[in-house]
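Student: One structure coming up, written as C-alpha cells, with questions to follow.
Only the coordinates and a few stated rules stand behind these numbers; no lab work does. Because the structure is predicted, anything quoted here is derived from the model rather than measured. Counting neighbours? That spans all protein chains shown, and the Cβs are built from the backbone with ideal geometry, glycine included.
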Amino acid sequence: MSNAPESAPSTVMLVIATGRRLQERLEARLADMGLSLRLFGALGHISRDADLSYSDLARRAGVTSQSMRATVLMLEELGAVERNLRGQGHRARLELTERGRALLDRARGVVAELDEEFLADAPAGGKQAVDEACHRALETPLPFRPA
C-alpha cells in the first residue's frame with residue numbers, strides 16, 4: 001500500500017463520471033417514455049432534416065447503417081416516424097408523426113430538467129463556464145499518437 005498523499009480528484013475524471021451518471025439518469029427517464037438515447041437522437045436528427053439517408057443518420061449517431069435501419073424501424077413501430085416514398089428512384093423521406101413530435105418535445109423537456117438539476121447550485125455564470133469548457137473539449141482534436 002502506498003503512503004502517497006491523496007491528491008485532489010482530476011477534473012477530467014469527475015467530468016467523465018458525471019457524464020456517465022447523467023447519461024444513466026437520462027436513459028432511465030427516456031425509458032419511462034418508451035425511448036432510448038439512440039431513439040431520441042434519431043428523432044432529433046430526423047426532425048432537423050427529413051432527407052437524411054440511413055447512412056447519414058448512422059454517421060451522425062456513430063453506428064452502422066444496419067443498426068440505424070433497426071432504429072428507424074423501432075421508431076416506426078412506436079408510431080413516431082413514417083417513411084414517405086417520393087417516387088421511383090428517390091429514397092424514402094423520414095418524417096416525424098404527431099406522436100414523434102410529442103415524444104421529442106417530452107424528451108427535450110427531460111433534458112431541460114436534467115440541466116436544471118445538474119446546475120441547481122451552480123454560481124452565477126456556472127452554466128456558461130461549464131458549456132464553454134465542454135465545447136472547447138469537444139472541438140479540440142485528440143493529440144496524434146504514432147503507432
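Student: Rounding to the nearest 20 debye, state how big the charge dipole of the chain is about its Cα centre with +1 on each Lys and Arg Cβ and -1 on each Asp and Glu Cβ.
Tutor: Here the size comes out at about 620 debye.
Student: Sticking with this structure for a sec: Identify which of 63, 130, 72 has the largest mean-square fluctuation in a Gaussian network model of the chain, with springs joining Cα atoms closer than 10 Å.
Tutor: In this elastic network of the chain, the residue with the biggest mean-square fluctuation among 63, 130, 72 is 130.
Student: Moving to a separate point now. Under 10 Å, Cα contacts only: if you run a Gaussian network model on the chain, which one of 58, 107, 70 comes out with the highest mean-square fluctuation?
Tutor: Greatest mean-square fluctuation among the candidates belongs to 70.
Student: If the elastic network links every pair of Cα atoms under 10 Å, which of 31, 102, 122 fluctuates the most in the Gaussian network model of the chain?
Tutor: Evaluated over the chain, the most mobile residue of the options is 122.
Student: Something else about it: Run the numbers on the chain and let me know its relative contact order in percent, using alpha-carbon pairs under 8 Å that are six or more apart.
Tutor: This gives 19 percent for the chain.
Student: Using a Förster radius of 30 Å, what is the FRET efficiency between residue 7 and residue 115 based on their Cβ-Cβ separation? Nearest 0.05, please.
Tutor: After rounding to 0.05, the efficiency reads 0.50.
Student: Toward the positive end of the charge dipole of the chain, about the Cα centre and with charges on Cβ (Lys, Arg +1; Asp, Glu -1), which of 14, 119, 52 goes farthest?
Tutor: The Cα lying farthest towards the positive end belongs to 52.
Student: Here is a follow-up. Quick one: order 68, 33, 13 by neighbouring beta-carbon count within 10 Å, fewest to most.
Tutor: The order, fewest Cβ neighbours first, is 13, 33, 68.
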